[in-house]
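Report on the structure given below.
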Amino acid sequence: MTSSDFNRIRHLTFVLINAYHSVNSAATQEALYAQISDEMYQLSETLAPFIRDIKSPTLTKEGAEKLLASVKDEVVPFEFPTKAVIQKLFNKVKKLQVPEVDHLELRDYTYFAWNDLASHRKYMLVKHAGQMRGIYGTIGTDTKKNTCAICSQTSQVVQFMALTKSNVDGTYTKNGNYICLDSDACNHQMQHELGLANFVSTVLPK
Ligand SMILES: [Zn+2]
């Protein structure tokens, strides 16, 4: 499963636990469990033991975190490219600063992005249609609370203008999107990949 699938499972698990602790009606709890377990099965059939384990109205948040830790082992980590590959993906960029990722848990990332505040740019590495792509653009200096085009959550967002060289006439096209300033937080909030896929198709050259 993907990192965003895991975030979805985590979110649903806590919705269920909240209902266990706040809704008295057993029928309502069971209906919610049925709905949530259905969605989880669709994400991954290997979740069967986990889905059984969370069918317990006495389950605590701490207990759920322990169960979730074993689910997380099934997440496919983000394939961070080598520095040489990254240089190639951003071959138009001079003096590219690539962050060190050795200490990061790559299971927390559906895509990877970092800000270069000196040049007001954001760089993104994202797998799209089976291929690793490098996307970069400028980010505004003002942030505001609004919906992020990638994670679809209300978040501190910034306007991102992709600098994409069109293959057709060689000119740069700009496409504005509001996305999370903090891409680590964005990854943590993502519960599906639809927003990311749409975002990537808007900013990649046609
Ligand atoms: Zn976001």
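The values are calculated or read from the model by the stated rules, or taken from the named source; none is laboratory data. Note that the coordinates shown come from a computational prediction; the quantities given were computed from them, not determined experimentally. Glycine also receives a Cβ, built like all others from the backbone with ideal geometry; neighbour counts cover every protein chain displayed. Ligands, DNA and RNA are stripped out before the accessible areas are found, and what is left, the full protein with its side chains, is counted by its heavy atoms. Shrake-Rupley method; radii C 1.70, N 1.55, O 1.52, S 1.80 Å.
List the helices (runs of 4 or more DSSP H) inside region 38-109, counting only whole elements, that have at least 1 residues being open to solvent by 70 Å² or more (accessible area, probe 1.4 Å) and within 15 Å of LEU12 (Cβ to Cβ).
Values: elements: 48-53, 61-72, 83-89.
Output list reads 48-53, 61-72.
For region 23-31, the count of residues that are open to solvent by 80 Å² or more (accessible area, probe 1.4 Å) and more than 27 Å from ILE150 (Cα to Cα) is nonzero. Within region 10-22, is even one residue modelled with pLDDT under 95 and either outside any helix (DSSP H, G or I) or open to solvent by 60 Å² or more (accessible area, probe 1.4 Å) (or both)? Yes, because at least one residue in region 10-22 is modelled with pLDDT under 95 and either outside any helix (DSSP H, G or I) or open to solvent by 60 Å² or more (accessible area, probe 1.4 Å) (or both).
Residue-by-condition table, conditions (1) within 13 Å of the ligand (Cβ to nearest atom); (2) modelled with pLDDT of 90 or more; (3) assigned by TED's automatic domain parsing to the domain that holds GLU39; (4) assigned to a loop (DSSP other than H, G, I, E, B):
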| position | (1), (2), (3), (4) |
| --- | --- |
| SER152 | yes, yes, no, yes |
| VAL168 | no, no, no, yes |
| ALA185 | yes, yes, no, no |
| GLN191 | yes, yes, no, yes |
| GLY195 | yes, yes, no, no |
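Among the criteria (1) under 23 Å from PHE90 (Cβ atoms); (2) part of a loop (DSSP other than H, G, I, E, B), the one TYR136 does not fulfil is (2).
From the residues in region 140-150 that are surrounded by 15 or more Cβ atoms within 10 Å (Cβ to Cβ) and more than 11 Å from the ligand (Cβ to nearest atom), which one is farthest from GLN191 (Cα to Cα)? Among them, the one singled out is GLY140. Within region 97-110, residues that are within 19 Å of MET1 (Cβ to Cβ) sit with their Cβ atoms under 7 Å from residues that are of a type in the set (Val, Ile, Thr) and open to solvent by less than 100 Å² (accessible area, probe 1.4 Å), at 6+ positions apart or across chains, in these pairs: ARG107/VAL75; THR110/THR2. For region 111-130, the criterion of a residue being in a loop (DSSP other than H, G, I, E, B) and either crowded, with 21+ Cβ neighbours inside 10 Å or of a type in the set (D, E, K, R) (or both) is satisfied by at least one position.
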